[in-house]
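Have a look at the structure below before the remarks.
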Amino acid sequence: MRILFLRHGQTATNLKAAVHKKDDQELLDDVGCWQADQLAGVCLREKVEAIYCSPEKRALQTTEIIGGVLHLQPIVIEDLRERDWGDWSGKQWVEIQSYLQPMAPDERYTFIPPNGESWQQMENRLKRTLQTVTTSKNDCIAVVTHGGALRALMPILKSQPKETSFQYEFKNASVTIFELSSGVWHDVSENDTTHLL
């Protein structure tokens, strides 16, 4: 099985380098819509047969644009949503990092921002998502999600220490491809944005 992990298209909040709220109603900006259309071209070339997505509006809109080209209905999975930063939602990522960076990796893993969720809680639901999507009978599927979720997925897919997630910064409308064979994930490409050039 081949899985394309796609980050949603650009939003105004992304341009401010801020963190979206849970259930944020913000949609893609004009650039984000164009990016989603370019993702559709990638999915066509890869012969994507099913497309799963986060319920967040920006991810769902990206998926609907792709699905419109591929004639596929989005399959919404609640567990694909972005990490809930609770009271920290709306803050710039650099400000959140200033709180997190002094923490040891294990402390950061279990830390819950006020009224939010921990990295560990997000990871657990992403693992459930992988179990769900890999039961698909299709040879190639796409998964539309978020930058933080993609960072958290990388150590899981690559069987690496969780803190390796810090090295990733997934761009809007990036494409990351893995193949699953005999229960083992194989990295094909990461954070590819050549389709946007």
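Worth pointing out:
- In terms of surrounding Cβ atoms within a 10 Å radius of their Cβ, Ser118, Ser165, Ser182 rank from fewest to most as Ser182, Ser118, Ser165.
- Think of each Lys and Arg Cβ as +1 and each Asp and Glu Cβ as -1; about the Cα centre, that makes the dipole of the chain roughly 220 debye.
- Between 0 and 90 degrees, the angle of helix 119-133 with respect to the longest Cα principal axis of the chain falls at about 20 degrees.
- As a rough footprinting exposure proxy, the listed residues His186, His195, His71 were ranked by other beta carbons within 10 Å of their own, and the order from fewest upward is His71, His186, His195.
- Among Val133, Val143, Val94: highest mean-square fluctuation, GNM of the chain, C-alpha pairs under 10 Å: Val94
- Too-long pairs where the Cα-Cα distance tops 29 Å, listed order kept, from Lys21/Lys47; Lys47/Lys162; Lys91/Lys127; Lys22/Lys137; Lys22/Lys47: Lys21/Lys47; Lys47/Lys162; Lys22/Lys137; Lys22/Lys47
- With θ taken as phi - 60° and the Karplus curve 6.51 cos²θ - 1.76 cosθ + 1.60 applied, the whole-hertz 3J(HN,Hα) list for the stretch 83-92 is 4, 8, 8, x, 5, 8, 4, x, 6, 6 Hz, x standing for glycine and proline.
- Over all other residues within a Cβ to Cβ distance under 13 Å of Arg58, the charged ones net out to -2, with Lys and Arg as +1 and Asp and Glu as -1.
- Principal axis extents of the C-alpha atoms in the chain (largest first, rounded to whole Å): 44, 41, 29.
- Taking every DSSP helix (H) stretch of at least 4 residues in the chain, weighting each as -39,500 (n - 2.57) and dividing the sum by the residue count yields a mean residue ellipticity at 222 nm of -11500 deg cm²/dmol.
- Antiparallel DSSP beta bridges within the chain, as percent of all bridges there, nearest 5: 50
- Among Lys57, Lys137, Lys16, a tally of other beta-carbon atoms within 10 Å of each Cβ gives an order, fewest to most, of Lys137, Lys16, Lys57.
- Residue among Leu130, Leu72, Leu15 with the largest mean-square fluctuation in a Gaussian network model of the chain, springs linking Cα atoms under 10 Å: Leu15
- Highest-fluctuation residue, Ala17, Ala149, Ala104 considered, GNM on the chain with Cα pairs under 10 Å: Ala104
The numbers here are math on the coordinates, done by the rules we state, and not lab data. None of these values were measured; they are calculated from a predicted model. FYI the Cβ positions are ideal-geometry reconstructions off the backbone, even for glycines, and counts take in every protein chain you see.
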